[in-house]
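The values are calculated or read from the model by the stated rules, or taken from the named source; none is laboratory data. No experiment lies behind these values; they were computed from the predicted model shown. Counting neighbours? That spans all protein chains shown, and the Cβs are built from the backbone with ideal geometry, glycine included. What goes into the accessible areas is simple: the full protein's heavy atoms, side chains included, and nothing from ligands, DNA or RNA. Shrake-Rupley method; radii C 1.70, N 1.55, O 1.52, S 1.80 Å.
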Amino acid sequence: IDKDALDAQVKERKLQEAAEKAQHEKFAHNMKKNDKLMCLLEERQKNEIKDMNRALTEFHKNFQKLETRREFDLNDPQALKKDRPARVSDSDPRCTISGMQKFMGEDLNYDQRMKFQKEQLREWSLQQQKDLKNALADQKVADDLYDKFRIELDQKIMEEQRKEEENRRVVCTATKDFNRIQVAELDHKNELEKAQKIKDDMDEITFLLRGDLLSENPDQAIGPLGKHHVLVDRWKGMNQEQLMAIRQFQKEQALEKLRLREQERQRDAEWDRQRLQTARAQLLWERQQQRQNRVQRRDLDFVNAELSQEQKAKNIYLKEEEYSNIPTDEFYAQFNTTTR
């Protein structure tokens with residue numbers, strides 16, 4: 001691997017990436033700058049439009065008022081208020097027959113009638129306020145009576161609760177006394193049971209200590225059929241005669257094992273000797289075969305060499321016969337070709 005070339009490529013790649021990064025950063029900076037400039041221009045344009053609209057509104061307000069126009073009398077919103085009424089009274093001289101300003105059923109006493117109605121409404125409102133005050137007073141009296149009834153009822157309930165609590169306290173006291181008596185009786189009973197259990201445990205311990213199990217009495221292992229019949233769950237060990245018989249039997253087993261081991265060693269030695277003899281005979285036979293093969297190969301090489309010499313002499317003879325039967329030019333050409 002050309003490490004220098006790879007390093008140069010890596011360095012060139014890093015320089016290219018750095019240049020691209022710088023170009024991207026420059027482009028991003030220019031974009032940010034342009035965005036800020038556009039925002040400033042838009043803000044300036046909005047402010048200019050706002051100032052123009054404000055100036056136009058001020059101009060309309062100061063120099064183009066509605067009342068200065070020619071057609072203002074046609075569009076005056078206060079025209080009806082400024083105009084005189086159609087008629088003032090029934091004796092108005094403007095109420096001619098052709099003017100059609102007086103009709104049947106018209107209410108010319110509207111102001112007096114409205115004043116009377118307002119006074120009537122005021123009287124009704126005062127009467128309603130008076131009725132409301134009386135109703136509130138009656139409601140207050142009823143609430144006071146209800147509160148007194150609730151207080152008396154609460155007092156009765158509290159008295160009943162107090163009596164119930166006293167009865168409950170008496171019952172609790174009696175229950176506590178009964179439970180105390182029961183606990184005392186239970187403690188006395190437990191003490192008696194504990195003392196009896198301790199006595200029973202001591203009797204059991206004494207029986208076990210004096211029994212045949214812990215004293216390891218060998219006679220307890222004798223079965224009902226005689227001494228030869230042993231109870232396994234009560235057997236405590238063998239006597240000296242049995243131990244001596246077992247040791248004698250183990251010695252005989254050890255001697256028998258040594259004898260068998262010696263026989264096995266002798267048999268293995270005999271097998272090893274036979275294997276060595278067989279291997280030696282096999283080696284001698286293989287050497288004899290190798291010698292015979294070498295002799296046969298030498299004879300065969302000798303025969304092949306003689307045959308090769310005869311074949312070469314025959315080939316030379318045939319070539320000489322062939323060369324003697326062709327022209328001189330062809331002979332030299334074939335000679336040169338053969339030589340090459």
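Going by the structure shown, is Gln9 modelled with pLDDT under 90, out of contact with any strand residue (DSSP E or B) (no Cβ under 9 Å at 6 or more places or on another chain) and in a helix (DSSP H, G or I)? Yes, satisfied.
Considering Leu145, Leu209, Leu121, the condition of being open to solvent by 100 Å² or more (accessible area, probe 1.4 Å) and closer than 30 Å to Arg87 by Cβ is satisfied by Leu121 alone.
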